[in-house]
1. Right, Asp92: surrounded by 14 or more Cβ atoms within 10 Å (Cβ to Cβ) and of a type in the set (Asp, Glu) or not?
2. Only strands (runs of 3 or more DSSP E) wholly contained in the stretch 66-161 count here; list those with 2 or more residues that are in contact (Cβ under 8 Å) with a residue 60 or more places away in the chain.
3. Being crowded, with 16+ Cβ neighbours inside 10 Å, in a helix (DSSP H, G or I) and either at pLDDT below 95 or touching a strand residue (DSSP E or B) at 6+ places or on another chain (Cβ under 7 Å) (or both) is the filter here; which residues of the stretch 33-53 pass it?
4. Assuming Asp61 fulfils every condition listed in (1) farther than 23 Å from Thr40 by Cβ; (2) in contact with a Leu (Cβ under 9 Å, 6 or more places away or on another chain) apart from one, which condition is it?
5. Give the residue that is surrounded by the most Cβ atoms within 10 Å (Cβ to Cβ), with candidates limited to residues of the stretch 99-116 that are out of contact with any strand residue (DSSP E or B) (no Cβ under 6 Å at 6 or more places or on another chain) and aromatic (Phe, Trp, Tyr).
6. Check whether at least one residue in the stretch 166-189 is surrounded by fewer than 18 Cβ atoms within 10 Å (Cβ to Cβ) and within 17 Å of Phe78 (Cβ to Cβ), and report yes or no.
7. When the stretch 171-208 is examined, which residues are found to be farther than 25 Å from Val112 by Cα and among the acidic types (Asp, Glu)?
8. Yes or no: the stretch 2-10 includes at least one residue that is under 30 Å from Pro142 (Cβ atoms), modelled with pLDDT under 95 and in contact with a Lys or Arg (Cβ under 6 Å, 6 or more places away or on another chain).
Amino acid sequence: MRDRAWVRGRLPHHVGHSFDQPFRAGRITSAVWRRLKKATRPGLSERELVRILQAELAARDAEAAFPPVAGAGISGLFPHAQPGGRRVGRNDRVVFDFGARWRGYCSDLTRVAFTGKKDKELLRRYRCLEEAKAAAEAAAGPGVRAAEVDRAGRQVLERHGLGKSFIHAIGHGVGLSVHERPVLAPGSKDVLAPGMVITIEPGIYLPGWGGLRLEDTFLVTEAGLENLTG
């Protein structure tokens with residue numbers, strides 16, 4: 001259970017903003033994902049799915065923190081895929097990357113919705129991604145260099161032969177903008193501190209196959225991390 005008296009005044013950009021904002025933004029994002037997961041089915045286009053997403057945000061008095069990503073099938077190859085007319089197929093997958101902005105504060109989440117069956121290789125790659133995300137989360141905490149968090153997740157993917165398919169940083173700060181410091185990337189000099197809000201988002205992108213990514217938004221506390229979107 002978080003200590004709200006401790007959180008008050010320690011979040012980035014806290015001046016003039018309620019300390020409840022990042023928590024509420026995260027809860028809204030999680031709720032929208034649950035509805036979106038149920039709504040995803042064969043025949044719907046990426047654009048139609050984004051319209052559902054935006055309607056769910058609006059119903060919760062929120063707006064999109066950034067242009068939502070909805071990449072069906074091979075479109076998941078592109079980390080910032082623009083939703084188009086591609087329709088979800090049977091035994092397909094859709095990568096969603098979106099976040100709520102609530103009273104100025106952003107959140108960020110990436111999930112994969114599946115329709116039908118998953119083949120063995122898809123399951124293997126997805127589990128590797130889950131393992132990498134868990135390793136990065138375990139490495140993160142106050143006083144930890146952001147580059148170490150990236151390294152922890154990246155090493156898992158390298159061990160599974162997927163290192164070259166991970167083409168971006170493992171995370172970033174979130175606040176009034178969806179991309180802020182700290183930067184969780186190789187070579188970053190940033191150090192995590194209590195009160196920071198960050199993402200952890202390993203991804204793999206394989207030409208001819210597509211991509212997968214998982215992401216949550218976290219509050220760095222004195223004890224470690226608190227998942228705001230999980």
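The values are calculated or read from the model by the stated rules, or taken from the named source; none is laboratory data. Note that this is a predicted model, so its numbers are computed, not measured. Cβ sites come from the backbone with ideal geometry, for glycine too, and all protein chains shown count toward neighbours.
1. yes
2. The strands (runs of 3 or more DSSP E) meeting that bar are 93-98, 100-102, 109-114.
3. Answer for the stretch 33-53, where residues must be crowded, with 16+ Cβ neighbours inside 10 Å, in a helix (DSSP H, G or I) and either at pLDDT below 95 or touching a strand residue (DSSP E or B) at 6+ places or on another chain (Cβ under 7 Å) (or both): Trp33, Leu36, Glu46, Leu49, Val50, Leu53.
4. Result: Asp61 passes all but (2).
5. Only one residue tops the list, namely Tyr105.
6. Yes, the stretch 166-189 has at least one match.
7. Across the stretch 171-208, the qualifying residue is only Asp190.
8. Within the stretch 2-10, none of the residues are under 30 Å from Pro142 (Cβ atoms), modelled with pLDDT under 95 and in contact with a Lys or Arg (Cβ under 6 Å, 6 or more places away or on another chain).
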